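The values are calculated or read from the model by the stated rules, or taken from the named source; none is laboratory data. Predicted model only: the values in this text are computed from it and were never measured. Positions of Cβ are backbone-derived with ideal geometry, glycine not excepted, and every protein chain shown enters the neighbour counts.
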Amino acid sequence: MRGVILRHLADLAAKHLEIEGVPEDSYDDPATTYLERSCKADPDYVPAVLALMERYRSEARDKDWHQLAEGAAQRFPDNRSVLQQATEAAVARKAYRKATGYARRLLAIDPINAGVRRHMIRLQIAHARKQIRAKRPDLAIKDLRTAAEWERPEAPDALLWIAQGLAGLQGGEGQPAEARLRDGVARTGGGVPGWFRAVLEAELMRVESVHTGKLRQELAAVRETSPSREDIMAVVADLGQPEAAENTKIVASLLLGLRAWFERGARIDWRSDEFQALAEVFARFAAYDLLATYARTALRRSPTNST
């Protein structure tokens, strides 16, 4: 009964921001503290545990999220949503063995789960990057073969193919590796989004400049086109990845080369959520000139839009 009451208070606090909670609570957000207390009072109620994980994630309380997810996976070993959270938490902290264990348990229950397969592939690609940077392309190629085991035949992963091609080029595999890379770019849809993804991955891997230079030439050849809404949002999605945020200088130089391409996209009638995503990316990588161009164009189109 106490858990039910506290969950109700958490719901009220989330909907009504004037609710301040209890003074002795150590954390400022009353919705979160009520959820924490409800989980202590009624630890077997899974929806509250999952809701608390989402609160931790939205508040960037990563350590609390990781601890709660790991404990929940032990307490509810057959719950799909709990295992999904546990897998994502393990991937976020690059705990590959734990992530693999949770993912295999989840796929035994839900074999088609595309999200968990994608998370495991991304984690293995991240490890392969480290091997390339350490001048061990042979180990990177091995890591990427392991990553391919998470693919479903009917849903190949474009980024994995790009990474395999780059690792192969670095390892001296020549034409087969280049063909694999081009196939990966094609599977992203090609054009600026595809070649941008390839150049960004090559830079993150620190592939030899002879290969990166050719990729930049391919990107330069397609950036004269007029971008679509989908093209720009695909690039924005890549820029929103943690690896991009950790390498701001690389991304800033790539954005500089794409400035004219992005400027042509300012004429698109962006939805508020899309504009917000664009603005955050431009601000994060100090592309304030692009942000100003988009804002001015949007204001001429919608003078009363506060966003």
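Has the stretch 50-64 got at least one residue that is part of a helix (DSSP H, G or I), crowded, with 17+ Cβ neighbours inside 10 Å and of a type in the set (Lys, Arg)?
yes
Inside the stretch 77-108, can you point out the residues that are touching a residue at least 24 places away in the same chain (Cβ under 8 Å) and more than 18 Å from the chain's Cα centre (by Cα)?
Matches in the stretch 77-108: Pro77, Asp78, Asn79, Arg80, Ser81, Val82, Leu83, Lys98, Tyr102, Arg105, Leu106.
Could you tell me which residue of the stretch 119-145 is surrounded by the fewest Cβ atoms within 10 Å (Cβ to Cβ), considering only residues that are out of contact with any Phe, Trp or Tyr (no Cβ under 8 Å at 6 or more places or on another chain) and under 25 Å from Val82 (Cα atoms)?
Looking at the filtered set, the residue picked out is Ala126.
Could you tell me whether Leu239 is crowded, with 17+ Cβ neighbours inside 10 Å, hydrophobic (A, V, I, L, M, F, W, C) and out of contact with any Leu (no Cβ under 6 Å at 6 or more places or on another chain)?
yes
So which pairs qualify, if the first residue must be in the stretch 43-56 and more than 10 Å from Ala72 (Cβ to Cβ), the second must be aromatic (Phe, Trp, Tyr) and crowded, with 20+ Cβ neighbours inside 10 Å, the Cβ gap must be under 7 Å, and the two must be at least 6 apart or on different chains?
Tyr56/Trp65
Output the number of the condition that Trp150 fails; it satisfies all remaining conditions of (1) over 24 Å from Leu258 (Cβ atoms); (2) assigned to a helix (DSSP H, G or I).
Going through the list (1) over 24 Å from Leu258 (Cβ atoms); (2) assigned to a helix (DSSP H, G or I), Trp150 breaks only (2).
If I filter the stretch 211-225 for residues that are surrounded by 19 or more Cβ atoms within 10 Å (Cβ to Cβ), under 30 Å from Asp269 (Cα atoms), modelled with pLDDT under 90 and among the hydroxyl-bearing types (Ser, Thr, Tyr), do I get at least one hit?
No: zero hits.
Out of Ala158, Ala179, which single residue is under 18 Å from the mean Cα position of the chain (by Cα) and over 15 Å from Leu255 (Cα atoms)?
Testing whether each residue is under 18 Å from the mean Cα position of the chain (by Cα) and over 15 Å from Leu255 (Cα atoms) leaves just Ala158.
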